[in-house]
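Derivation of every value follows stated rules applied to the coordinates shown; laboratory data play no part. None of the values given here were measured: they were computed from a predicted structure. Quick reminder, even Gly has a Cβ in these numbers, built from the backbone with ideal geometry, and neighbours come from all protein chains shown.
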């Protein structure tokens, strides 16, 4: 591992303890619900009990009679200011509050503003709404059937089709499949799930009517983008961007769910503007699960073509995407299906074609990139399931099949059939390491023995390639804003620094890792580099933290900005030491004269000189800013192996072992990287075996609380085993790639493959996640292993 | 309104409260101790965990009036005389937290756990924190943090016993 | 999730509590630990005008054997059962079940009496008490009455408690020598209500035959239920594998589960069958068979 600084400096490769933990372990974190302002009011929201209904009447009179209830805001009120609709990140439109029709169960209907939280809740209970329920579209497969209601006539639609997207060579792929020796095919559904961060969403909107200034305290992963969106949406009512300040302080988990602008934020702003007082809105858990953006919900018809000895030749995937009543996905503008075209995976083959159709239904909008760089989870699940499917078809060991088909190290940079340039990779060693740690060959022998006496065990592999770090400005933007990110470093005269970023940590440990990057480049101890994010008045503009982009973009910006400062330091050193710049050499923390190492100046001396004794004509001070536009995306990869045992009577599944080998390039802080992987693995386990948002045929959500939306506990979560290989990113200033999402992407197929492998000898070729004991039990009955009572 | 006296972190607080006031809101809103969080409202997640008479409880599912006359300890009351509790230290040393939102509740739960079982096995720790959800860490390092604290607390106790 | 406003009373003795119940009638709810009531109030599914907090009543928290019975005070917290050496040594069925209820922090406040008096077939103690052939003591305006557990659960969330009665004690016959019990619970994740669960308590006679057996089932019927036919089949018999399987199958046939997020009817019946057989085996092992 790259690590050439002392522990005191704490640059790259040190497992520095996190700076942020002092406050978090002592109850001094500052989350949005901790904000308390003088005169602050509370908002609570009346929500629809129907998935699709006309609103006939809203009677707020009883609510308004409650002492302390100040206002009930409806869509009609917002309509007066043209604030009842807002744009989504995908250029669709979303209701802030409805004027006529509700489109999903738990949609906002109106908002109660009161002097206290409890009174606002009483107000919500007292509002009487008259609805005329209509037959909801719940099943995405039926959304395009003739005779279905058209959900979005306002968009000029005559059916419920949103968009068609495709990538690859349809003709060549079809031809290949028509002539292939082996074709395997499965219908693979990735269920609708929720990020379920432990902190829900919320805000305090504080509008100062005298200054026409809005301060918005909120749980957002992208504060700058939010500020711009607010200015765009509400510019016409006087919210000018220089008078909008977004403050995201500590965030209790984001995972993509805190990227969108939710209606509640806009209503709170409107309420604060109308009443002239700060308004707090904090969702409860049920609102969070039932109404905030979902993730996934792709139904994929997957096909893989190969020779009969197992050379993969082509991939074809057709997907139906359920977006709810509006496309509120959080993708880069040109990528309606995100980076789904990474679906060719870690394997070398000639052709692929993928197409997708998105439809409207009566469900909440989305989908967010839940701990995944825009639909990579779906793509990886498809290819990694299909590789196992092929192995089963041709009777080849699934590890062997992967090894034979991996893109070879010498093929990088590798141009994938769907248009990506994989920057670097070395897939074989990662899989081999996982196999060695888990004892793969022994496990296969054990499995063969166990099958003889009816015991069920399975071994599942996933060898994923991710695509993260959006992204290069030529292709990547959100609402037109290019997806660069930024760092600004100021070093004070005594050699201590503050650095600010356009990203926003939600637990990733930026206060520690960014300091380490700067420490690495400048030799200033990380402990003396204070990191700040989340206040749009002070931090440089950036697109925020999601899609594993912080290290690839803002981390790179930090390194480049620090190198600008090092260049300045060299000039000052040359001046002070009276030598030419070329005669100086850098060693972490100081410049010295070549051949005369006793003649040197430390970074602290050079910084001090920049304020006290800088060369004439040089700009004083020691500050640099950089907006980093990445030349390419980064491509972290890994190989995971999962071992499961299944109770043949009940279908209960026990994860015996799970080994995760990750390669995220150069590692900034091994402790934090490992922590990210542990957490992501549990978030991968969740949809693999537990979590799914479930709707009945009328569109009511059946499991909208933590009683029934089954977030894994420490008991369900196994003890994760981790390891790494290092293949540095060739185009990133410090060779890093980003890691936060790899485990969420890689774990579900590894677990699914293990469970399916345990049942494959019974003729099972696929099971959709979440794979529950009930599903396994159904199969055991169907295959005659056990009898129902 | 009900008049109650609750000893919060050792300090008696006498207040008039609505009977429906939840203990978590008494702590957060009336007393401004915002280290205790609300995560789920259904006593499923444990972010609101505090100690009541030394035992961990989920303060989102306790009325403030139920705490009348009781000792309530929150995360803010855990460190003594500037000395962090071994669990607070353990969570930092072993990277047992990321976003920090579940952390106060998790730590308070573990105080009770170690009080009853000073040397728990990994399985006992996992079952012991099964009412506290963490969405960030995957629990591996929380287990290690509790083990760290258990060892530290036991090491601290040995000399005391020797002296006695 | 904020409850509707209510009036709060905290009587310090049983008489006071009963008098309040008489005064307020159906407008009042009894609260002990609050872990069944408060969640329903936060959802505003329960909106009592008066909440009578009985947790301050002295003398209702105990676990001891007396007069041939194990007596558990209704306000005894789950954690007290969990930590009781008497329970752990001699009543493994109760110990098994208690550890599976919700989570440790909930068990710190939740009470055994509350778990039973709520009348919820999804709760774990009802099946346990059915298997143990317990009785409960209800205190009312006219004094105490003892209700056999089989007469206690009347239907969906309905018990034999009158509106002015409070459950004060659970009485369990002390098991004879060569007794054993076990509770096996299928849950979607730890702390969940049971998908299905089986409580078994049995004792063996000198010949190794099953002298007495109780089998209670959790969350597979509107009211907590006893698998009577299975018990009858096994009582007086040497418990062969064949008999055990037959009894387990009967329990599966006799229960009446609803299909829901926890599983289909067929799946729940199957779990009842498997877990009943396994619980009988475990109970036998503990009885020293």
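Miscellaneous remarks
- Choice from B:146, B:62, B:38 showing the highest fluctuation, given a GNM over chain B with Cα pairs closer than 10 Å: B:62
- Computed FRET value (nearest 0.05) for residue C:146 with residue C:86, which takes r as the C-beta separation and R₀ as 30 Å: 0.90
- Principal axes of the stretch A:702-783: Cα extent on each, largest first, Å: 56, 37, 23
- Computed over the Cα atoms of the stretch A:312-385, the ratio of the radius of gyration to the Kirkwood radius (Rg/Rh) comes to 1.00.
- Remark: the residue C:40-residue C:62 segment gains 5.1 nm on full extension, using 0.36 nm per residue and subtracting the alpha carbon distance.
- Spatial separation of Cα centroids for the stretch C:62-123 and the stretch B:14-61, in angstrom: 25
- For residue A:496 and residue A:654, the FRET efficiency from 1/(1 + (r/R0)^6), where r spans their Cβ atoms and R0 equals 51 Å, is about 0.50.
- Partner chain coverage, peptide C:183-192 - average Cβ within 10 angstrom: 4
- Centre separation in Å (Cα based) which lies between the stretch A:35-52 and the stretch A:507-537: 36
- Residue separation of residue A:145 and residue A:4 scaled by 0.36 nm, minus their Cα-Cα distance, works out to 44.5 nm of gained length.
- Burial ranking of peptide ranges B:67-78, A:633-644 (average Cβ count within 10 Å, highest at the top): A:633-644, B:67-78
- Approximating the spin labels as points 7 Å out from Cα along Cα→Cβ, the residue A:787-to-residue A:582 distance works out to 9.2 nm.
- Taking the number of Cβ atoms within 10 Å of each Cβ as an exposure proxy, the fewest-first ranking of A:696, A:206 is A:696, A:206.
- Working from label points 7 Å from Cα in the Cα-to-Cβ sense, the residue A:421 to residue A:157 distance is 3.7 nm.
- Inter-chain Cβ neighbour count for A:684-690, averaged per residue, equals 1 (cutoff 10 Å, partner chain atoms only).
- Prolate/oblate/rounded label for the stretch A:428-495 (Cα gyration tensor, a/c 1.5): prolate
- Residue order, fewest to most beta carbons within 10 Å, for C:91, C:275: C:91, C:275
- Relative exposure of C:129, A:216, judged by other C-beta atoms within 10 Å (fewest first): A:216, C:129
- Gyration tensor verdict on the stretch C:7-53 (Cα atoms; rounded if a/c is under 1.5, prolate if a/b is larger than b/c, oblate otherwise): oblate
- In chain B, the DSSP-assigned H stretches of four residues or longer account for a calculated mean residue ellipticity at 222 nm of -10500 deg cm²/dmol, using -39500 (n - 2.57) per stretch and the full residue count as denominator.
- Inter-chain neighbour count for A:119-128: the average number of beta-carbon atoms from partner chains within 10 Å of each residue's beta-carbon is 2.
- Estimated FRET transfer efficiency when R0 is 35 angstrom, pair residue A:455-residue C:177 (beta carbons, to 0.05): 0.40
- Packing order of peptides C:267-273, C:10-16, highest average first: C:267-273, C:10-16 (average count of other Cβ atoms within 10 Å over each peptide's residues).
- With an a/c value of 1.5 or above and a/b not larger than b/c for the gyration tensor axes a ≥ b ≥ c computed over the alpha-carbon atoms, chain A is described as oblate.
- Once both labels are positioned 7 Å from their Cα atoms along Cα-to-Cβ, the gap between residue A:242 and residue A:448 label points is 7.7 nm.
- Intensity falloff of the stretch C:1-143 expressed as log10 I(q)/I(0), Debye formula with alpha-carbon point scatterers, at q = 0.10, 0.11, 0.13 Å⁻¹: -0.35, -0.43, -0.60
- C-alpha center-to-center spacing [the stretch A:83-149, the stretch A:311-377] in angstrom: 26
- Per-peptide average of other Cβ atoms within 10 Å, ordering C:209-216, A:139-146 highest first: C:209-216, A:139-146
- Fraction of the pair-distance distribution of the stretch A:131-287 above 26 Å, Cα-Cα pairs, percent: 55
- Residue-averaged 222 nm ellipticity for chain A, from DSSP H runs of 4+ at -39500 (n - 2.57), nearest 500: -8000 deg cm²/dmol
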